[in-house]
1. Need the C-alpha centroid separation for segment 30-71 versus segment 91-112, integer Å.
2. So what is log10(I(q)/I(0)) for segment 41-87 at q = 0.13, 0.22, 0.25 1/Å, when the Debye sum runs over its Cα atoms only?
3. For segment 1-76, what % of the accessible area comes from carbon and sulfur atoms, probe 1.4 Å?
4. Taking 24 Å as the cut-off for C-alpha to C-alpha distance, list the pairs among 73/94; 26/51; 69/109 that go past it.
5. What ranking of 63, 96 comes out by heavy-atom accessible area, probe 1.4 Å, highest first?
6. Mind checking the per residue accessible area of segment 51-128 for me, 1.4 Å probe, whole number of Å²?
7. Taking 7 Å along the Cα-to-C-beta vector as the label spot, tell me the residue 9-residue 73 distance in nanometres, rounded to one decimal.
8. Give me the net charge of residue 57's neighbourhood, meaning all other residues with Cβ under 15 Å from the Cβ of residue 57; Lys, Arg count +1, Asp, Glu -1.
Amino acid sequence: LALDQRLIDEMLPDEAISKTNSCVEKAFEIWEQTKAEKSTQLIFCDLSTPKGDKSFNVYDDIRRKLEEKGVPKNEIAFIHEANTELRKAELFSKVRNGDVRFLLGSTPKMGAGTNVQDKLIALHHLDVFWRPSDVGRILRTFKIKKNVEVTDNGKDNF
């Protein structure tokens, strides 16, 4: 319920102050500010991964909302779509180049071994544990980037 009440009942309203909507707003703001650099962002979400059955999930909700704000669909990817090592390597290359600006995934799928930090400017953790290894995705490049932002998207408010 703290992530999005529609996970309990899809008929419930989309609350404006939900973690999901806070994440979309902040991620879009960063996307706009870093267009010239083609900076990238990771969005971690473990509790609501796509199941392929058309039921509500946070991933599709975030993608839809970012697209409605003007982010091209090809700049948003789910790690779950890269279901082979070759596809994963291709996806990671697109993220490192800034062609994919948002990569959404769960901690097990997008944790250790996800080396996409070249243009990484922000991490958004919706529901996963705050472990140093996860935050490390972006801090590896700290000497290069001076302004790095890691958000909990309202975690302390729920």
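1. If you average the Cα positions of each part, the centres end up 12 Å apart.
2. The computed values of log10 I(q)/I(0) come out as -0.32, -0.89, -1.08.
3. Values: 2080 of 4070 Å².
That share works out to 51 percent.
4. Values: 73/94 14 Å; 26/51 26 Å; 69/109 27 Å.
In this structure, 26/51; 69/109 lie more than 24 Å apart at Cα.
5. Numbers: 63 35, 96 80 Å².
Sorted descending by solvent-accessible area, the residues read 96, 63.
6. Details: 3640 Å² over 78 residues.
On a per-residue basis, 47 Å².
7. It is 3.2 nm.
8. On the way: positive: 6, 19, 51, 54, 63, 64, 65, 109; negative: 4, 9, 10, 14, 46, 53, 60, 61, 81, 127.
Net charge around residue 57: -2.
The values are calculated or read from the model by the stated rules, or taken from the named source; none is laboratory data. Since this is a predicted model, take the numbers as computed values, not measurements. Please note: Cβ atoms are built from the backbone with ideal geometry, for glycine as well, and neighbour counts cover all protein chains shown. Just so you know, the surface numbers come from the protein's heavy atoms only, side chains and all, with ligands and any DNA or RNA stripped out. Shrake-Rupley method; radii C 1.70, N 1.55, O 1.52, S 1.80 Å.
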